[in-house]
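Worksheet for the structure shown next.
The values are calculated or read from the model by the stated rules, or taken from the named source; none is laboratory data. Everything quoted here is computed from the prediction, not taken from an experiment. In this analysis, Cβ positions are derived from the backbone assuming ideal geometry, glycine residues included, and neighbour counts consider all displayed protein chains. Protein only, heavy atoms only, side chains kept; ligands, DNA and RNA dropped before computing areas. Shrake-Rupley method; radii C 1.70, N 1.55, O 1.52, S 1.80 Å.
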Amino acid sequence: MPDPSSKPTVPTPAARTARIQRALAFVREQEGPEGAWYESVGSVRRTSTGWSVVALQQVLAGVPVLHGIRSVRFHPDGHPVSATGSAVPLSHEVATEPEVPAAEAARVGFLELARIGALAPELAFTAGPPETVAALSLAPRPTVMRKDPLADPIVASLVVDAEGRRPRLEWELRFRLPAGGGSYLVRVDALGSGVPTVREVIRASSHATGGTVYDFDPRTPARSRPFPRPLDEYPAFPGGRPPGGPWIEGAETRGDNVDVRLPGGSRVRATPVQGHLRFDPDASDEYGRAAVNAFYLCNTLHDFFYLLGFDERAGNFQRSHADGTPGAGDPVCVLIRDREVSGLGFFENRTDGTEPSLELGPHPSGRHSAFDAHLVIHEFAHGVTDRIVGARDDLWAPLQHEQSRALGEGFSDYWAVSIQNYERRRAARAAGTPEDDAETWAYAGWLAGKAERGLRSRSYADHDGTYASLRGRGMNAHTAGEVWCATLLDLNRALGQGDRDRGDVLGWKLVFDSLSFLHPGRHGPHFLHARDALLSAYDALVADGVIPADDDLRTAVHGVFRARGMGGDAASKNGRFRSAQEGSGPITRDHEEDGS
């Protein structure tokens, strides 16, 4: 054990330089003499356990290559262990000397911000180029400029964009707008004659962005919410890392995590209001309002699951990975439909690094599923489950057997009901109203128009299904999934020991971690495999101090499974419903999933 009185060693500049040089040499050994060239970004990050990470930027003749980031990890003893990320392939030669001056690129970029509505009406401007304040004779040509009415300087530098058919040399310009207008990255073609072309506009900060949405469903009033949602509104998960990707890029329903499209393929565009970007479609624009609602809910879910552990390394849904982790380029593409879709909503998953899609459509009653948070959470959670459970074999549809599909439906119902009840209790406390009256146990009750049971066979308030229920006539994945959801909700209650918020937070951590122990097999996973995965995750969280080492609590957790017919003597030959054999006997930890 380290001496608690000792102080951590602060590396000297010479030590940092040596670490950077060793990282460059390590990558060069991996890629060979014909590999890409890299430069240090100038920092060495250190963890509390003594590991360090050196980030390297791919360059071409000294000009940074977009998305060409590699991170070299060093063991505490000082030797490099691995390098994440990869070089961006450059299939054609690229000129690295600009033909378009930085000031001209800035002028065109500023005009583009005006065209897309990023500038508030009171921000009058001239069409002339900005004044150059400073320019350095380095390969990226860093240039500082000023232009009225911007109080902050415009900073420009060259980058190589290798996406598309041919790599391009571009000016990357950073604009910071006054009056809370946010910050933008604008990329402009640096080669060619005539008027340069704006290649991309990215909203780099969205603190002044918001929209009118439903937190739950239209049974409660819509309200104005900031995009992104403040981090202090999320549960405090042990060890959670805050998400970093912007919700908004440009002025549309598109960002690092989610890309929402209207029925015709376009996106909802924000309206500048007093220096702020507002997503408030007209009341008659149902699909526009549905798109904004889905955009808010899916981004909230991205950040919720990110804090829980579904980050870049876990295979989450994001366009960019700043740390160079493989699997970037896959934000969730949400398609707002004007016709009914399978299941009223459908998440089509794909392998990490390939963009998944979420389709949301109307109920036969005319109510759109994008307005019911229960259904949006349910479908988004399918994506999370499939990504984690199928990660080992690179599967995007790992839950294929009868009980396996029921597990997927049960997990998704669990997240929908428990997250919403947590949020409803929180809202009730803020309003000073009874928490018990705020909870709702009917899944998608508003969408179905059935407040008592919603889209399921009954409410989860007093669901009495057990493992033997799976053998019933006409059983399907959704009805069988109700048994699994009810079991998980019981676990939250047991873990909370009377504190419902604490029970939800511990339950979410336990259920999420259990997915990593649950992988598809020839006959599964079935309910008993999932039970064992939860118990393995429980033991790990106890060992880590997240869940207390309390024998009474462990007995209560085991009691949940025993009461639902998944005791130690329960059995299942395969993943079919008819193979479920109920049991209520004691559960021991000397048996493990056989992987069948």
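Structural remarks
- The simple Förster model, with R0 at 41 Å and r as the Cβ-Cβ distance, assigns residue 126 and residue 61 a FRET efficiency of 0.70.
- In the chain, the longest principal axis of the Cα atoms and the axis of helix 551-563 are about 70 degrees apart.
- Rounded Å value of the spacing that divides the Cα centres of the range 46-106 and the range 558-585: 52
- Solvent exposure of residue 271, expressed as accessible area, is near 80 Å², computed with a probe of 1.4 Å over the protein chains only.
- On Cα atoms only, tilt of 402-431 relative to the major axis of the chain in degrees: 70
- Exposure check, 1.4 Å probe, all protein chains in place: residue 88 carries approximately 30 Å² of accessible surface.
- The range 436-509: trypsin sites (Lys or Arg not before Pro) falling in loop per DSSP and having at most 11 other Cβ within 10 Å: 473
- Heavy-atom accessible area order for 137, 579, 82, 342, largest first, 1.4 Å probe: 137, 342, 82, 579
- Only helices enter the 222 nm calculation for the chain: every DSSP H run of n ≥ 4 contributes -39,500 (n - 2.57), and dividing by all residues gives -10000 deg cm²/dmol, rounded to 500.
- Straight-line reach from residue 573: taking Cα to Cα under 18 Å and skipping same-chain neighbours fewer than 8 places apart, the aspartates and glutamates in range are 402, 532, 582, 592, 593, 594.
- Over all other residues within a Cβ to Cβ distance under 12 Å of residue 321, the charged ones net out to -3, with Lys and Arg as +1 and Asp and Glu as -1.
- Computing FRET efficiency as 1/(1 + (r/R0)^6) for residue 241 and residue 540, where r is the C-beta to C-beta distance and R0 is 22 Å, gives about 0.75.
- Estimated FRET transfer efficiency (residue 476, residue 450; beta-carbon r; R0 22 Å; 0.05): 0.75
- Under 18 Å from the residue 341 label point (7 Å along Cα→beta-carbon), backbone N, the range 229-258: 253-255, 257-258
- Loop sites by DSSP among the GluC sites (Glu not before Pro) of the chain, restricted to those with at most 14 other Cβ atoms within 10 angstrom, leave 164-339 as the longest stretch without any of them.
- Euclidean distance of C-alpha centroids, the range 495-544 and the range 223-282, integer Å: 31
- Residues of the range 318-342 falling in the label zone of residue 183, defined by backbone nitrogen less than 18 Å from a point 7 Å along Cα to beta-carbon, are 320-323.
- Protein accessible area in the chain, 1.4 Å probe - carbon and sulfur %: 51
- Neighbourhood charge, 14 Å Cβ-Cβ cut-off, centred on residue 356 and excluding it, Lys, Arg +1 and Asp, Glu -1: -4
- Nearest-10 value in Å² for the accessible area of residue 551, using the 1.4 Å probe: 120
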